[in-house]
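Colleague: First, the structure itself, so that you have it in front of you.
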Amino acid sequence: MELVNRALEFETRKKRFPTTSDRIMAAREAKELILSLNEIYKKNKDAKIMDIMKRLTVIKQRIEKRLKGKPLTA
(Lines give C-alpha, C1' and ligand atoms only; values in the text may rest on other atoms or scores of the structure.)
Protein backbone atom coordinates (compact mmCIF):
# COMPACT_ATOMS: atom_id res chain seq x y z
CA MET A 1 0.00 0.00 0.00
CA GLU A 2 3.02 2.28 0.15
CA LEU A 3 2.89 2.44 -3.63
CA VAL A 4 -0.73 3.62 -3.55
CA ASN A 5 0.22 6.30 -1.03
CA ARG A 6 3.08 7.45 -3.28
CA ALA A 7 0.68 7.63 -6.22
CA LEU A 8 -1.85 9.65 -4.26
CA GLU A 9 0.90 11.99 -3.04
CA PHE A 10 2.10 12.48 -6.64
CA GLU A 11 -1.45 13.21 -7.71
CA THR A 12 -1.96 15.89 -5.05
CA ARG A 13 1.44 17.49 -5.57
CA LYS A 14 1.47 20.82 -7.39
CA LYS A 15 1.38 20.37 -11.14
CA ARG A 16 3.71 23.22 -12.02
CA PHE A 17 7.01 22.09 -13.50
CA PRO A 18 9.06 25.16 -14.47
CA THR A 19 11.94 23.45 -16.25
CA THR A 20 12.09 20.81 -18.93
CA SER A 21 14.09 18.50 -16.69
CA ASP A 22 11.39 18.79 -14.00
CA ARG A 23 8.77 17.80 -16.57
CA ILE A 24 10.82 14.85 -17.76
CA MET A 25 11.36 13.63 -14.20
CA ALA A 26 7.65 14.02 -13.40
CA ALA A 27 6.62 12.11 -16.54
CA ARG A 28 9.05 9.31 -15.72
CA GLU A 29 7.84 9.14 -12.13
CA ALA A 30 4.23 8.98 -13.29
CA LYS A 31 5.06 6.22 -15.77
CA GLU A 32 6.90 4.24 -13.10
CA LEU A 33 3.96 4.58 -10.70
CA ILE A 34 1.45 3.55 -13.37
CA LEU A 35 3.43 0.45 -14.33
CA SER A 36 3.93 -0.57 -10.71
CA LEU A 37 0.25 -0.11 -9.94
CA ASN A 38 -0.58 -2.15 -13.03
CA GLU A 39 1.37 -5.10 -11.63
CA ILE A 40 -0.68 -4.91 -8.42
CA TYR A 41 -3.89 -4.51 -10.42
CA LYS A 42 -3.18 -7.67 -12.40
CA LYS A 43 -3.25 -9.65 -9.14
CA ASN A 44 -6.09 -7.89 -7.27
CA LYS A 45 -8.41 -6.49 -9.97
CA ASP A 46 -9.24 -3.67 -7.55
CA ALA A 47 -11.29 -0.86 -9.13
CA LYS A 48 -9.68 1.76 -6.88
CA ILE A 49 -6.25 0.98 -8.30
CA MET A 50 -7.59 1.28 -11.84
CA ASP A 51 -9.07 4.71 -11.01
CA ILE A 52 -5.73 5.89 -9.63
CA MET A 53 -3.94 4.65 -12.75
CA LYS A 54 -6.41 6.51 -14.99
CA ARG A 55 -5.92 9.77 -13.09
CA LEU A 56 -2.13 9.41 -13.19
CA THR A 57 -2.31 8.72 -16.92
CA VAL A 58 -4.17 11.98 -17.49
CA ILE A 59 -1.53 13.89 -15.51
CA LYS A 60 1.26 12.15 -17.44
CA GLN A 61 -0.36 12.96 -20.78
CA ARG A 62 -0.65 16.64 -19.85
CA ILE A 63 3.03 16.76 -18.88
CA GLU A 64 4.08 15.03 -22.11
CA LYS A 65 1.88 17.34 -24.17
CA ARG A 66 3.65 20.30 -22.57
CA LEU A 67 7.03 18.69 -23.26
CA LYS A 68 6.30 18.32 -26.96
CA GLY A 69 5.30 21.97 -27.24
CA LYS A 70 3.29 23.75 -29.89
CA PRO A 71 3.80 22.70 -33.49
CA LEU A 72 5.49 25.33 -35.61
CA THR A 73 3.34 26.73 -38.39
CA ALA A 74 4.69 28.12 -41.65
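Colleague: Kindly indicate the residue of the range 47-60 that is over 12 Å from V4 (Cα atoms) and touching a helix residue (DSSP H, G or I) at 6+ places or on another chain (Cβ under 9 Å) and also least open to solvent (accessible area, probe 1.4 Å) among those meeting that condition. Reasoning before the result, please.
Modeller: As a first pass, look at the range 47-60 and keep what is over 12 Å from V4 (Cα atoms): 47, 54-55, 57-60.
From the residues that got through so far, the ones that are touching a helix residue (DSSP H, G or I) at 6+ places or on another chain (Cβ under 9 Å) too are 55, 57, 59-60.
On the way: R55: 97, T57: 48, I59: 17, K60: 38 Å².
Per the stated criteria, the residue is I59.
Colleague: For the range 33-43, which positions are more than 10 Å from the chain's Cα centre (by Cα) and open to solvent by less than 90 Å² (accessible area, probe 1.4 Å)?
Modeller: S36, L37, N38, I40, Y41
Colleague: Which of (1) open to solvent by 70 Å² or more (accessible area, probe 1.4 Å); (2) out of contact with any helix residue (DSSP H, G or I) (no Cβ under 8 Å at 6 or more places or on another chain) is the odd one out, the single condition K15 does not satisfy?
Modeller: (2)
Colleague: Continuing with this model, one more query. Are any residues in the range 1-37 farther than 19 Å from A47 by Cβ and among the hydroxyl-bearing types (S, T, Y), and if so, which ones?
Modeller: Matches in the range 1-37: T12, T19, T20, S21.
Colleague: Given the options R55, R28, name the one that is of a type in the set (K, R) and free of Cβ contacts under 8 Å to residues at least 24 places away in the same chain. I'd like the intermediate steps shown before the answer.
Modeller: Working: R55 fails: free of Cβ contacts under 8 Å to residues at least 24 places away in the same chain.
Going through R55, R28 in turn, just one is of a type in the set (K, R) and free of Cβ contacts under 8 Å to residues at least 24 places away in the same chain: R28.
The values are calculated or read from the model by the stated rules, or taken from the named source; none is laboratory data. Model, not experiment: these values are computed from the prediction. Every residue, glycine as well, gets a Cβ built from its backbone with ideal geometry; the counts of neighbours run over all protein chains shown. Ligands, DNA and RNA are excluded from the accessible area calculation, which covers all protein heavy atoms including side chains. Shrake-Rupley method; radii C 1.70, N 1.55, O 1.52, S 1.80 Å.
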